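Contents: one structure, followed by commentary.
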Amino acid sequence: MIRVAIDGPAGVGKSSTSKALAKYYGFAYLDTGAMYRACAWWCLRQGIDLDAEQVDEDAVLDAVGAFFTDGHFDIGVDPDDPRVTCDGEDISESIRSAEVSSHVSKVSNIIPVRHVLIAAQRAYIAREASEESFSCGLGVVAEGRDITTVVAPDAEVRVLLTAREEVRQARRGAQSAKAPGVVGKDDVAARDKADSKVTNFTEAADGVVTMDNSDMDFEQTLDTLIGLVDAAI
Ligand code: C5P
């Protein structure tokens, strides 16, 4: 069983490469950013004012708690179909909107909310990594901001994926132009600034491999990751 933890800032290409890596090995894939996005989407839908100077953190925590414990939320871990649903409604596209991107840090910055999500993420990883209940292969690729340090610091492979800011901004812009109805406008610099208050995804923790893919294309990034996983198998 192999757990691969990949962290990095917005727009670095974590999701596409992590998904391809999971597919290559037949592993499960966990997009933890999608979980935070789904929570922000849910809070907005509940009418919680995430633009308020002082966001009502108790209201957000109650809403997020109910979202998970009352069974509204589900996320697929098959890299071919990592669909996010709420009460059976496919929200995979809605959570990539500009509205959600610009509000997600308001939710992910609330520490008790993080505790709820971290517990859920650890449970997914443990389930996918266990022999009896695996749904894909004997391994999982989980990506986010705090997987290498907090969620799965004992993962067999831990990588910090980075790229220069202008490269990341250009990549996100290209994604948005390719799928304008799906990937909304996203100020990656503003999001990174807000996110770095609660997570450290700019400096690698001990034992974490740093990979700067500014000058690599998708295939080169994937091949390098495959090399790291092969070495751990
Ligand atoms: O990865 P993605 O850009 O979709 O993540 C969306 C947001 O979710 C991030 O901007 C951050 O606020 C939050 N996040 C987090 N911790 C993670 C993954 C994502 O706080 N492990």
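Give a quick list of GluC sites (Glu not before Pro) in the range 133-210 that DSSP marks as loop, anything other than H, G, I, E or B, with at most 10 other Cβ atoms within 10 Å. Show your work: numbers first, answer last.
On the way: sites: Glu143, Glu156, Glu165, Glu166, Glu203; in loops: Glu156, Glu203.
Of the GluC sites (Glu not before Pro), the ones in loops of the range 133-210 whose Cβ has at most 10 other Cβ atoms within 10 Å are Glu203.
May I ask you to list the trypsin sites (Lys or Arg not before Pro) in the range 1-83 that are in a DSSP loop and have at most 16 other Cβ atoms within 10 Å of their Cβ?
Numbers: sites: Arg3, Lys14, Lys19, Lys23, Arg37, Arg45, Arg83; in loops: Arg83.
Within the range 1-83, the qualifying trypsin sites (Lys or Arg not before Pro) (loop, at most 16 other Cβ atoms within 10 Å) are Arg83.
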Estimated inter-spin distance, Leu138 and Thr210, nm [label 7 Å along Cα→Cβ]:
3.5 nm
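Quote the Stokes-Einstein diffusion coefficient, in whole µm² s⁻¹, for the range 155-233, based on the Kirkwood radius over alpha carbon pairs, a temperature of 10 °C and a viscosity of 1.306 mPa s. Working shown, then result.
Values: Rh = 14.4 Å.
My calculation gives 111 µm²/s for D.
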Which one, Gln220, Gln54, Gln46, has the greatest fluctuation when you compute a Gaussian network model over the chain with C-alpha springs under 10 angstrom?
Gln54
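Could you tell me what percent of the DSSP beta bridges with both partners in the chain are antiparallel, to the nearest 5? Could you put the intermediate results ahead of the total?
Numbers: 6 of 24 bridges.
Expressed as a percentage, antiparallel bridges in the chain total about 25.
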Please report Glu128, Glu93, Glu53 as a ranked list, fewest other C-beta atoms within 10 angstrom at the top and most at the bottom.
Glu53, Glu93, Glu128
Coarse-grained scattering of the range 41-183 at q = 0.10, 0.11, 0.16, 0.19 Å⁻¹, given as base-10 log I(q)/I(0) from a Debye sum over alpha-carbon atoms:
-0.41, -0.51, -1.12, -1.47
Report, by chain and number, residues whose modeled amide H sits under 5 Å from the one on Thr162, excluding near sequence neighbours (fewer than 5 apart, same chain).
Met211, Asp212, Asn213
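Just rank Thr69, Thr85, fewest to most, by other beta-carbon atoms within 10 angstrom. Mind dumping the intermediate values first?
Details: Thr69 11, Thr85 15.
Ranking Thr69, Thr85 by Cβ neighbours within 10 Å, fewest first, gives Thr69, Thr85.
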Which residue, Val55, Val208, Val151, tops the fluctuation ranking in a GNM of the chain built on C-alpha contacts under 10 Å?
Val55
Quick one: what are the phi-derived ³J(HN,Hα) couplings along the range 203-210, Karplus 6.51/-1.76/1.60 with θ = phi - 60°, whole Hz, x for glycine and proline?
10, 6, 6, 3, x, 9, 7, 8
Name the lysines eligible as straight-distance cross-link partners of Lys23: C-alpha to C-alpha under 24 Å, and not fewer than 8 places from it in the same chain.
Lys14, Lys178
Tell me which residues come under 5 Å, amide H to amide H, from Ile2 once H is placed; ignore anything under 5 positions away on its chain.
Gly139, Val140
Sort Leu161, Leu228 so that the residue with the fewest other Cβ atoms within 10 Å of its own Cβ comes first and the one with the most comes last.
Leu228, Leu161
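Using a Förster distance of 30 angstrom, determine the FRET efficiency expected from the C-beta separation of Asp58 and Ser130, and round it to 0.05. Present the calculation step by step, with values, prior to reporting the outcome.
On the way: r = 35 Å, r/R0 = 1.16.
Between Asp58 and Ser130 the formula returns 0.30.
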Amide N proximity, the range 193-233 versus Ala174 label position 7 Å along Cα-to-Cβ, cut-off under 20 Å
211-226
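Throughout, read-outs are computed from the coordinates displayed, never taken from laboratory work. What you see is a predicted model; the values in this text were computed from it and never measured. For neighbour counting, all protein chains shown are included, and Cβ atoms are generated from backbone atoms with ideal geometry for every residue, glycine included.
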